[in-house]
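Presented below is the structure to which this report refers.
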Amino acid sequence: MSKHEKLKSEVNPKYLNVDPLKESYRESIIEHPDRTEAIKSKNIALLCIDMQYLDAAPGHGVFADIAKSTISVESQEYYFKSLEKLVLPNVRRLQDCFRRHGLEVVHIRIQSLTRDGRDRSNGHKQLGLLAPPGSKEAEFLELVAPADDEIVINKTASGVFTATNLYYVLKNLNIDSVWVTGVYTEECVSTTVRDASDLGFFVTLIEDGCTSVTPELHSFTIATLKDRYTRVIDTDAALTEIEKYIRA
C-alpha cells in the first residue's frame, strides 16, 4: 500500500472527492459574464496547436518509423484515427466559423530558427524533436493550415506562452478569451491552457478538438483541467455559442 493509499484509508470517505474550491472557480472563472462579452466584442481567438507533419501525420517526424517508435502501433492507430475522424474535421469547422465572423485564428507549431535546431529548448533537444524552417515536419496539415493573413507562432518548447511572444501578440489584438485545440492533450495543449489561465485569459478547451495517443491520457487531462483552468465544451456547443452571441 502506497503512502497516499494509506492516508486515504484514514480519511472519512464522505470527504475524499470534495473539491473545496470548485464553486469559487466556477463562479469567478468558468461562469464569469465577461466570457460572453468577449464573444460579443469579438475579443476571442482560436488557438490551433501543433497541427503539423512533425507530430500529427503518419510516416513523418515522430512517426517516421513505426518499428522504432516508443509509441505502440495500437496507440498510433488510435491517435491517427481520432485525428482523421474527429479532431481535424472539428478544428476545420471551428476555423471556418471564426473566419466567417472575422475572428482571429492563430496557428502554433514547433519550428526552430535554424536548420540544425541549435536554438531549440533543451527539452526538445533531448527528445530529438526538430522541425527546421522549410522542412516537411514544419508544414501544417493541409485541412487545418493557415489561410490568408492568419498569424503563425513558432515555438521549440511545450508551452507557447513561455517560449514565444504570443501573450504580447494577443494583447495587441485585444484578445480576452482563447479557445484551444490541437495535440497532444496532456502536453502542449494542457500547458497552453494552464498558462493562459494564469495569465488572465478566459480559456475554453474544445474537448473533441484535441487528442492524444491514448484515450486515457486525453480523458485524464480533460478531467484535471475542467472547471479549474478552463471551461470544457465540444465543437457543436462552441459553434452554437459563437453564432448566438455574434449575431445577437
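No value in this document is a laboratory result; all are computed from the given coordinates. Predicted model only: the values in this text are computed from it and were never measured. Cβ placement follows ideal geometry from the backbone for every residue including glycine, while neighbour counts extend to all protein chains displayed.
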If every Lys and Arg gets +1 and every Asp and Glu gets -1 at its Cβ, then about the Cα centre the range 18-86 yields a dipole, in debye to the nearest 20, of 200 debye
Neighbour-count ranking for His60, His107, His4 (other C-beta within 10 angstrom, fewest to most) reads His4, His60, His107
Looking only at aspartates and glutamates whose Cα falls under 14 Å of Lys136's and that sit 8 or more positions away or on another chain, we get Asp50, Asp55
Here, trypsin sites (Lys or Arg not before Pro) of the range 93-127 satisfying both criteria (DSSP loop; at most 14 other Cβ within 10 Å) are Arg115, Arg118
Links exceeding 27 Å between C-alpha atoms in this model, out of Lys125/Lys226; Lys42/Lys125; Lys171/Lys226, come to Lys125/Lys226; Lys42/Lys125
For Lys81 and Asn122, extending 7 Å from Cα along the Cα-Cβ vector and measuring point to point gives, in nm, a value of 4.0 nm
With +1 on the Cβ of every Lys and Arg and -1 on the Cβ of every Asp and Glu, the dipole magnitude of the range 33-247 about its Cα centre, in debye rounded to the nearest 20, is 340 debye
Taking Rh as the Kirkwood radius computed over alpha-carbon pairs of the chain and applying Stokes-Einstein at 25 °C with viscosity 0.890 mPa s, one gets a diffusion coefficient in µm² s⁻¹ of 128 µm²/s
Counting sequence-distant residues (5 or more places) and residues on other chains, those with an amide H built under 5 Å from that of Gln52 are Leu141
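Rounded, prolate or oblate, given the Cα gyration tensor of the range 23-90, with a/c below 1.5 counting as rounded?
Judged from the Cα gyration tensor, the range 23-90 comes out prolate (a/c at least 1.5, a/b above b/c).
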Put in order of increasing Cβ neighbours within 10 Å, starting from the fewest, Leu173, Leu88 give Leu173, Leu88
Percent antiparallel among DSSP beta bridges confined to the range 33-247, rounded to 5, stands at 5 percent
In terms of the charge dipole of the chain, which places +1 on Lys and Arg and -1 on Asp and Glu at the beta carbon, the residue among Cys188, His4, Ser72 farthest towards the positive end is His4
Ordered by fewest other Cβ atoms within 10 Å, a rough proxy for footprinting exposure, Lys22, Lys6 read Lys6, Lys22
